[in-house]
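Where a number appears in this text, it was derived from the coordinates with a stated rule and is not lab data. Note that the structure is a prediction, hence the values are computed from the model and not measured. Cβ: placed from backbone, ideal geometry, glycine included. Neighbour counts: every protein chain shown.
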Number of protein chains: 2
Amino acid sequence: MIVTLAGGVGAARFLKGLRLVKPPRELIAIVNTGDDTVLHGLHISPDLDTVMYSLAGADNPETGWGLAGETWQAMAALERLGGPTWFSLGDKDLATHLYRTGRLAEGGSLSQITQELCAGFGVEITLLPMSDQPVRTLVTLADSGQEVGFQEYFVALRHEVPIDGLRFEGAATSTPAPGVLAALAEASTIIIAPSNPLVSLGPLWSVPGLADAVKARRSNVVAVSPIVDGAALKGPAARMLTELGHEASVVGVAKLYKDLASVLVIDHADAHLANQVESTGMRCVVTDTIMSSPEVSAALASTVLECGS
Amino acid sequence: MIVTLAGGVGAARFLKGLRLVKPPRELIAIVNTGDDTVLHGLHISPDLDTVMYSLAGADNPETGWGLAGETWQAMAALERLGGPTWFSLGDKDLATHLYRTGRLAEGGSLSQITQELCAGFGVEITLLPMSDQPVRTLVTLADSGQEVGFQEYFVALRHEVPIDGLRFEGAATSTPAPGVLAALAEASTIIIAPSNPLVSLGPLWSVPGLADAVKARRSNVVAVSPIVDGAALKGPAARMLTELGHEASVVGVAKLYKDLASVLVIDHADAHLANQVESTGMRCVVTDTIMSSPEVSAALASTVLECGS
């Protein structure tokens, strides 16, 4: 079994490559749920859905979220009613949230329901939420000191405002979802996907026991840097690293991951920083990490698997 | 002020006629919420929505429920996921439930939210839910003794199975919604719309204080029989009356309403039963009650207003 610790878009792209070099039945992804939110009474799991839609080949490559061939009748009608439409939910996408919310109300667990949804979408890689309990990423806005939900920061405020704090509400009383600790214990390789280290992977480390289970396997843990040449390919990772006192570079990523992973995979663009990465105690591997095609993703996945074995 | 006690389709049709003979700002409808249900986490108020959509001219005359020009992307996607689709929710209709559920979660009351939705749909008649607290109509199936929610009986089982009991869960601790008792006290005429006496109007009488407030105005209360020639124009009213030990006739309706209303308006088809109606202590008025057009509805409304003044 290969276990990937995953956020949304970057992790999804990596998993599509990994699937080309390993049978999907041997792959498990443990996915961030700190971004989850309840809107209009519906339970929305953005990272789980992004990974699921992407692996199903049903994702919308233009937006980077939601489903391809989507329609927007519900949102348009909600807008006419003066309801909140800052978080766009397509008509087809709504079905996922209706299903999840209904099953949660029936007493289903998020991990059970995720399996059911994956079966419905024909996704063969096993997706595990990091926890079945709610853990909510809260962001402190630097200007006002106000704490807002992650989606409010990320979507409503378009991550354009400075922040100075992160908190994972509910983490202290959460537990890893069923299967998470066993997967980490039994994996031949554990991969930290090229996702935002603070708000995609940070929530995972906040779940008691999860980071320790990764550290216990450090020699088989390989991280892929989401930062290339000081920037994130997508999203606010670089900005957040700087604002929260880290370095927006592969060296900053290495400092965050050095106790969790034994190898950091970085892009050729950062080859000159390899020595600095290795000075943190990690082995540094340089390759192409910009996943511009499934073939590049697959080559990256192969390299990662070689590092971790 | 004219106050109409209302269920769904029959009441909506009556109100469209009433609106032609009285300014909408002088009209209040107190609407059944015993049919309300939570599906997929969304709060659905079928009678409020039927009346609202109908008064907005946005109803779907073919189905008798939902919105005209509706699309079904969400339900189709939910069906592909194996989710429950027995209660069809169109994409545009979903927006109403998203709005209502979101506002309830924010702490809004059903009556406040109903006002907001009516403003969004341009409905000028004031719609009041019978109560802001949940009152749920439960139906006992005769064959199994099982108690099911009203929508399960009405939609999933298509009201094709015999029943032998009704219960209004939550009624004992509910109170009339703000404005309900004042409207009943101040109305010049109170009209019991031609709705199912048991499951559209029965829930209203189950809210403590509401039936007494109607009885106190009995001389100004006019009921319109939903039963014509022993049958309901729509829905299971006749069958339910028989199964629950009442007569499926205008006489049976009179016996149910005699303490609440002083007048029962019946159709010409039942003129031969006028004496039997009057023997219950109600005045009986015979006119056209089959609302085949807005003009017939308006004429019926005029007759009702004459009776109640």
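Please list log₁₀ I(q)/I(0) at q = 0.06, 0.07, 0.11 Å⁻¹ for the protein assembly as shown, using the Debye equation with identical point scatterers on the alpha-carbon positions.
Computed log10 I(q)/I(0) values: -0.43, -0.54, -0.96.
Mind checking B:149-155 for the average number of partner chain beta-carbons within 10 Å of each residue's beta-carbon?
Details: counts 0, 0, 0, 0, 0, 0, 0.
For this peptide, the per-residue mean of nearby foreign Cβ atoms is 0.
With no solvent and one equal point scatterer per Cα, compute the Debye intensity ratio I(q)/I(0) for the range B:91-249 at 0.12, 0.13, 0.15 Å⁻¹ and report its log10, rounded to two decimals.
Log-scaled intensity ratios, in q order: -0.64, -0.76, -1.00.
What lysines could a cross-link reach from B:Lys255, if we take a straight Cα to Cα line under 30 Å and drop same-chain neighbours fewer than 8 places away?
List returned: B:Lys16, B:Lys22, B:Lys215, B:Lys234.
Within the range B:1-105, which GluC sites (Glu not before Pro) sit in a loop by DSSP and count at most 12 neighbouring Cβ atoms inside 10 Å?
Numbers: sites: B:Glu26, B:Glu62, B:Glu70, B:Glu79; in loops: B:Glu62, B:Glu70.
Loop-located and lightly packed - B:Glu62.
If you wrap a convex hull around the alpha carbons of the range A:223-309, what volume per residue comes out, as a whole number of Å³?
Numbers: hull volume 7.2 nm³, N = 87.
Hull volume normalised by residue count: 83 Å³.
Hey, can you grab everything whose amide H is under 5 Å from the amide H of B:Leu127? Only 5+ residues off in sequence or another chain; H modelled, so Pro and N-termini drop out.
The list, which skips near neighbours in sequence, is B:Ala29.
Compute the label zone of A:Glu186 within the range A:28-61: residues whose backbone N is under 19 Å from the point 7 Å along Cα-to-Cβ.
Once the point is set 7 Å along Cα→Cβ of A:Glu186, A:28-31 turn out to lie under 19 Å by backbone N, inside the range A:28-61.
Measure nothing but the geometry: give the 0 to 90° angle between the long axis through the Cα atoms of A:9-21 and the longest principal axis through the Cα atoms of chain A, rounded to 10°.
For helix A:9-21, the angle is close to 60 degrees.
What does the average come to when, for each residue of peptide B:77-86, you count the partner chain Cβ atoms lying within 10 Å of its Cβ? Mind showing how you got there, number by number?
Values: counts 12, 9, 1, 5, 10, 5, 10, 5, 2, 0.
Across the residues of B:77-86, the mean count of other-chain Cβ atoms within 10 Å is 6.
Kirkwood-based Rg over Rh for the range B:3-70 (C-alpha set), two decimals?
Numbers: Rg = 12.4 Å, Rh = 12.5 Å.
With Rg and the Kirkwood Rh in hand, the quotient comes to 0.99.
Could you work out the helix-only [θ] at 222 nm for chain A, with each DSSP H run of four or more residues adding -39,500 (n - 2.57) and the total divided by the number of residues, to the nearest 500 deg cm²/dmol?
Numbers: 12 runs with 111 residues, N = 309.
The helix-only estimate for chain A comes to -10000 deg cm²/dmol at 222 nm.
What residues qualify as long-range amide H neighbours of B:Gly209, i.e. H under 5 Å apart, gap of 5 or more or another chain, H built at 1.01 Å from N?
Under 5 Å from the amide H of B:Gly209: no residue qualifies.
Whole-Hz Karplus ³J(HN,Hα) for the range B:231-245, in order, using 6.51 cos²θ - 1.76 cosθ + 1.60 and θ = phi - 60°, x for Gly and Pro?
Result, rounded to whole Hz: 9, 8, 5, 8, x, x, 4, 5, 4, 5, 4, 5, 5, 9, x.
As an exercise, identify the chymotrypsin sites (Phe, Trp or Tyr not before Pro) in the range A:54-162 lying in DSSP coil whose Cβ has no more than 14 other Cβ atoms within 10 Å. If you can, show how the numbers build up before the last one.
Working: sites: A:Trp65, A:Trp72, A:Trp86, A:Phe87, A:Tyr99, A:Phe121, A:Phe150, A:Tyr153, A:Phe154; in loops: A:Trp65, A:Trp72, A:Trp86, A:Phe87.
Filter output for the range A:54-162: A:Trp86.
Measure out, as a whole number of angstrom, how far apart the alpha-carbon centroids of the range B:1-24 and the range A:1-73 sit.
50 Å
Report, to one decimal in Å, the Kirkwood hydrodynamic radius for the range A:1-125 based on all distinct Cα pairs.
On the way: mean 1/r = 0.0660 Å⁻¹.
Computed over the range A:1-125, the radius equals 15.1 Å.
Taking 2.2 N^0.38 Å as the expected size of a compact globular protein, what ratio does the Cα radius of gyration of the range A:164-225 give against it, to two decimals?
On the way: Rg = 12.0 Å, N = 62, 2.2 N^0.38 = 10.6 Å.
In units of the globular-protein estimate, the range A:164-225 measures up at 1.14.
Using the 7 Å Cα-to-Cβ label point, sort the distances from B:Val296 to its equivalents in the other copies shortest first and give them in nm to one decimal.
Spacings between copies for this position, smallest first, are 6.9 nm.
Return the equivalent ellipsoid semi-axes of the range B:200-246 as a descending list in whole Å, where each equals the square root of 5 times an eigenvalue of the C-alpha gyration tensor.
Details: eigenvalues 112, 39, 14 Å².
Semi-axes from the Cα gyration tensor: 24, 14, 8 Å.
Based on DSSP, what percent of beta bridges with both residues in the protein assembly as shown are antiparallel, to the nearest 5?
On the way: 32 of 80 bridges.
The antiparallel fraction comes to roughly 40 percent.
What's the Cα-based Rg to Rh of chain B, Rh via Kirkwood?
Numbers: Rg = 18.5 Å, Rh = 19.5 Å.
My calculation of the ratio gives 0.95.
Mind listing the long-range amide H neighbours of B:Gly165? Cut-off is under 5 Å, sequence gap 5 or more, other chains count too, H placed in the peptide plane at 1.01 Å from N.
B:Thr140
In peptide A:33-40, how many Cβ atoms from other protein chains are near each Cβ within 10 Å, on average?
Rounded to a whole number, the mean comes out at 3.
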